[in-house]
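Participant: Can you read through this structure? Questions will come right after.
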Amino acid sequence: MITVNHLVTSGTFSLDGGAWEVDNNVWLLGDAAECVVIDAPHDATAILAAVGPRRLTAIVCTHAHDDHIDAAAALAEATGAPIWLHPADRELWDQTYLGQAPDLDLADGQTISVAGAGLTVLHTPGHSRGAVCFHLPDQGLLFSGDTLFAGGPGATGRSFSDFGTIIDSIRDRLLVLDPDTVVHTGHGPDTTIGAERPHLQEWIDRGY
């Protein structure tokens, strides 16, 4: 069984001319020998400490807002791990790393090997065009980035986002999962698919 480690880093989120102080969740999945990092925000040194002596095999990004990727390049340089991002978020990525491309493209339905297990990529646009979630079905876990939080969908009030699209993504890709699936989010506390279903269904029934 894969071990999940949780780290919180703090910094800023900047977009559309504004900047906000934020705390971000960082998720490390693996075993005693190797791991992957889901999102690399703010503090590469702290993330490296959490990786410890393990081999970091991938840095996978739920999306390319700067508060989820601004330590990715430093982490990749320190470890040699490739950075994976959905190509629909390249325009956002370039706002942080103009002239430096991610190493590999994420694709819907792709499976990334994590210490012998399979982490499935679910493209869930809405918070951003290339937003993805990562599903670990054997352990009933979903890493939702900023697509789904405890209390509802991610924000859609800024560039590259759309409320109707995020609701469609949640309805079609996430609410179909087992209701007991534990959701590890990009910010704040965990939730479950079952806990979020009732109020998300209200949005769906109202046609947004």
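The values are calculated or read from the model by the stated rules, or taken from the named source; none is laboratory data. These numbers come from a predicted model, not from an experiment. Cβ placement follows ideal geometry from the backbone for every residue including glycine, while neighbour counts extend to all protein chains displayed. Side chains included, ligands, DNA and RNA excluded: accessible areas come from the protein's heavy atoms. Shrake-Rupley method; radii C 1.70, N 1.55, O 1.52, S 1.80 Å.
Participant: Modelled label-to-label distance, residue 206 and residue 10, 7 Å Cα→beta-carbon offset: nm?
Facilitator: About 3.4 nm separates the two model spin labels.
Participant: What does the extension gain come out to for residue 100 and residue 176, with contour length at 0.36 nm per residue minus their alpha carbon separation?
Facilitator: Using 0.36 nm per residue and subtracting the Cα-Cα distance, I get 23.7 nm.
Participant: Given a 1.4 Å probe, how much area per residue of the chain is accessible, in Å²?
Facilitator: For the chain, the per-residue accessible area is 41 Å².
Participant: Let me see the P(r) profile for region 1-123: every Cα-Cα distance counted, bins of 10 Å, each bin given as a percent of all pairs.
Facilitator: 14, 47, 33, 6, 0
Participant: Arranged from highest to lowest average of other beta-carbon atoms within 10 Å per residue, in what order do the peptides 191-200, 58-67, 8-17, 138-147 appear?
Facilitator: By packing density, highest mean first, the sequence is 58-67, 138-147, 191-200, 8-17.
Participant: Just the number: Rg to Rh for the chain, Cα atoms, Kirkwood Rh, two decimals.
Facilitator: Looking at the chain, the ratio lands at 0.94.
Participant: If you plug each phi of region 30-43 into the Karplus form 6.51 cos²θ - 1.76 cosθ + 1.60 with θ = phi - 60°, what whole-Hz ³J(HN,Hα) values come out, in order, with x for Gly and Pro?
Facilitator: Values, residue by residue: x, 10, 6, 9, 8, 7, 10, 10, 9, 6, 10, x, 6, 9 Hz.
Participant: Based on the inverse mean of 1/r over its pairs of different Cα atoms, what is the Kirkwood hydrodynamic radius of region 17-86, in Å?
Facilitator: This gives a value of 12.1 Å.
Participant: Right, here's the next one. Which percent of the accessible area of region 1-104 is formed by carbon and sulfur heavy atoms (probe 1.4 angstrom)?
Facilitator: C and S fraction of accessible area: 51 percent.
Participant: So, one more: Which whole-number percent gives the relative contact order of region 106-208, counting Cα pairs below 8 Å spaced six or more residues apart?
Facilitator: Relative contact order comes out at 23 percent.
Participant: Follow-up question, since we're still on this one. Hey, what do the phi angles of region 126-135 turn into as Karplus ³J(HN,Hα) couplings, whole Hz, using 6.51/-1.76/1.60 and θ = phi - 60°, x for Gly and Pro?
Facilitator: Karplus values, whole Hz, x for Gly and Pro: x, 5, 8, 5, x, 4, 9, 10, 10, 10.
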